[in-house]
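Here the structure is laid out as structure tokens; the discussion comes afterwards.
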Amino acid sequence: TCPGRVISKLICSGEKEVDLAVHSAKCAFKIWSQMSGMERSRVLLEAARIIREQREEIATLETINNGKSIFEARVDIDISWQCLEYYAGLAGSLAGEHIQLPGGSFGYTRREPLGVCVGIGAWNYPFQIACWKSAPALACGNAMVFKPSPFTPISVVRLAEIFTEAGVPKGLFNVVQGGAATGQFLCHHPDVAKISFTGSVPTGVKIMEMAAKGIKPVTLELGGKSPLIIFSDCALENAVNGALMANFLTQGEVCCNGTRVFVERKILDAFTKEVVKRTQKIKVGDPLLEDTRMGALINRPHLDRVQGFIKQAKEQGAKVLCGGDLYVPDDPKLKNGYYMQPCVLGNCTDDMTCVKEEIFGPVMSILPFDTEEEVLERANNTKFGLAGGVFTRDIQKAHRVVAALKAGMCFINNYNISPVELPFGGYKASGFGRENGRAAIEYYSQLKTVCVEMGDVESVF
């Protein structure tokens, strides 16, 4: 992989192409929605099998697409096929309920698909996000038109081919390419029934506004500035591992990262020393090499933005304990790559920009605290509410703290574990609706109530 090199050129989908994609999905929906859950299940299982079989090839494609390490890309692909398998398992069990009414009358509910759903993906987990959105949508009987980020357009096309190979009706999962304009055409299209978006808060606001005009339901999975609380009674090595997992996966470009690391003052020095030591050992470089643990950031403007946050942090009084500089690999082919050394900031306070704003890069901010009550107030003092974590050996305290955190996804003695069986999503400005778990079924289906009278109608007239 030569950084900065064009690997392919794609044409942006205009209004005409979007209309064709939606029309084609609408036609496929008529066939797919009439199939039984078990029939849909078999197709999804076949798609999962193909992904599992082609894991290495798809992971390599994803690394070239995004710049993350091949080690991480393989994990993404595994989570992707597991997601398809999980919803294949649920597809055959989707059902309504029967309610007995007086006099032998009864009512029942039907769980019905919405129609053509739109998925708009982010560039940090291109293939995985497409699976997280399409698997529950298709399991419920919907069609989907998916728009990947213009920075990572390639791997989702492979997913569309896999769905076709697996036997979905032609056009059931369509991919359109482009930026904001393409997204607008999708959101405004009269035949689109629902929009699921993963990305930034400002774009989420715009999507919600556009969807409101058509009274379309939305699922928004937006940004975060999540707290990770390390108590002095934690297993220190475990907490250090958790902090690294919470900050440096995918070059720090993860919405649920625990980037505000609150450390109880008693262990501040010991924790900081160990985190810095471990961070300095992270191998940065060619993402296709087996021992690389941090690849390249997504593009030059984003790298510059992350660097700007570090510069501003220093100006506001934070101390760079390690990293933060651009990294130039030894390989001459990689010298123009968008690499940087993972960064740990000390001497941070709650009012600093690096502590308040989402950086979306490999930058950890360490903040000391003294009491549980104090740290909870500070942890919740943010417009975001995507995730939160706690490290402690005191299990009562652990449950008490996560109950008090205003966040949709909480971790106890681990971080950034996303099993497909568990719902994923946020509170407050981090969005609403849920991906994964049984919860996602609610957001890709609608309930119809049927009331059946077994006697004569009693008229009040």
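The values are calculated or read from the model by the stated rules, or taken from the named source; none is laboratory data. Quick caveat, the model's predicted, so the values are computed rather than measured. Cβ placement follows ideal geometry from the backbone for every residue including glycine, while neighbour counts extend to all protein chains displayed. Side chains included, ligands, DNA and RNA excluded: accessible areas come from the protein's heavy atoms. Shrake-Rupley method; radii C 1.70, N 1.55, O 1.52, S 1.80 Å.
Quick notes on this one:
- Residues in the range 425-441 that are assigned to a strand (DSSP E or B) and buried (at least 22 other Cβ atoms within 10 Å of the Cβ) were compared, and the one that is farthest from the chain's Cα centre (by Cα) is G431.
- Any hit, the range 273-295, residues being open to solvent by 20 Å² or more (accessible area, probe 1.4 Å), closer than 30 Å to K428 by Cβ and not hydrophobic (A, V, I, L, M, F, W, C): no
- Screening E315 on (1) touching a Phe, Trp or Tyr at 6+ places or on another chain (Cβ under 7 Å); (2) over 24 Å from K277 (Cα atoms); (3) free of Cβ contacts under 8 Å to residues at least 60 places away in the same chain shows it passes everything except condition (1).
- Tally of residues being free of Cβ contacts under 8 Å to residues at least 60 places away in the same chain and open to solvent by 10 Å² or more (accessible area, probe 1.4 Å) across the range 206-228: 9
- Matching option when the condition is closer than 29 Å to E72 by Cα, touching a Phe, Trp or Tyr at 6+ places or on another chain (Cβ under 7 Å) and among the hydrophobic types (A, V, I, L, M, F, W, C), among A398, A407, A439: A407
- Residue, farthest from Y338 (Cα to Cα), within the range 280-308, restricted to residues that are in contact with a strand residue (DSSP E or B) (Cβ under 8 Å, 6 or more places away or on another chain) and either outside any loop (DSSP other than H, G, I, E, B) or of a type in the set (V, I, T) (or both): Q280
- Restricting the first member to the range 232-255 and to residues that are closer than 9 Å to F391 by Cβ and touching a residue at least 40 places away in the same chain (Cβ under 8 Å), and the second to residues that are assigned to a helix (DSSP H, G or I) and among the hydrophobic types (A, V, I, L, M, F, W, C), the beta-carbon pairs closer than 7 Å and six or more apart or on different chains are A239/F271; A243/V275.
- Any hit, the range 320-328, residues being open to solvent by 30 Å² or more (accessible area, probe 1.4 Å), closer than 30 Å to T63 by Cα, in contact with a strand residue (DSSP E or B) (Cβ under 7 Å, 6 or more places away or on another chain) and among the β-branched types (V, I, T): yes
- Checked against the criterion of being touching a strand residue (DSSP E or B) at 6+ places or on another chain (Cβ under 7 Å) and without any contact (Cβ under 8 Å) to a residue 24 or more places away in the chain, the range 341-356 contains not a single residue that satisfies it.
- Taking the criterion of being of a type in the set (V, I, T) and closer than 12 Å to S226 by Cβ, the residues of the range 372-401 that qualify are T382, V390.
- Where strands (runs of 3 or more DSSP E) fall entirely within the range 73-151, those with at least 3 residues that are open to solvent by 40 Å² or more (accessible area, probe 1.4 Å) are at 98-100, 106-113.
- No other residue among K26, K9 is open to solvent by 50 Å² or more (accessible area, probe 1.4 Å) and in contact with a strand residue (DSSP E or B) (Cβ under 6 Å, 6 or more places away or on another chain) apart from K26.
- Strands (runs of 3 or more DSSP E) contained entirely in the range 351-412, each with at least 1 residues that are farther than 17 Å from S430 by Cβ, outside the structural domain of N299 (by the TED database) and open to solvent by 10 Å² or more (accessible area, probe 1.4 Å): 409-412
- Candidate set: the range 173-189, residues that are in contact with a helix residue (DSSP H, G or I) (Cβ under 9 Å, 6 or more places away or on another chain) and assigned to a loop (DSSP other than H, G, I, E, B); chosen: the one farthest from F151 (Cα to Cα): H189
- Whichever residue in the range 332-350 is outside any loop (DSSP other than H, G, I, E, B) and open to solvent by 10 Å² or more (accessible area, probe 1.4 Å) and, among such residues, is nearest to S69 (Cα to Cα): K333
- Residues within the range 229-271 that are open to solvent by less than 30 Å² (accessible area, probe 1.4 Å) and in a loop (DSSP other than H, G, I, E, B), tallied: 9
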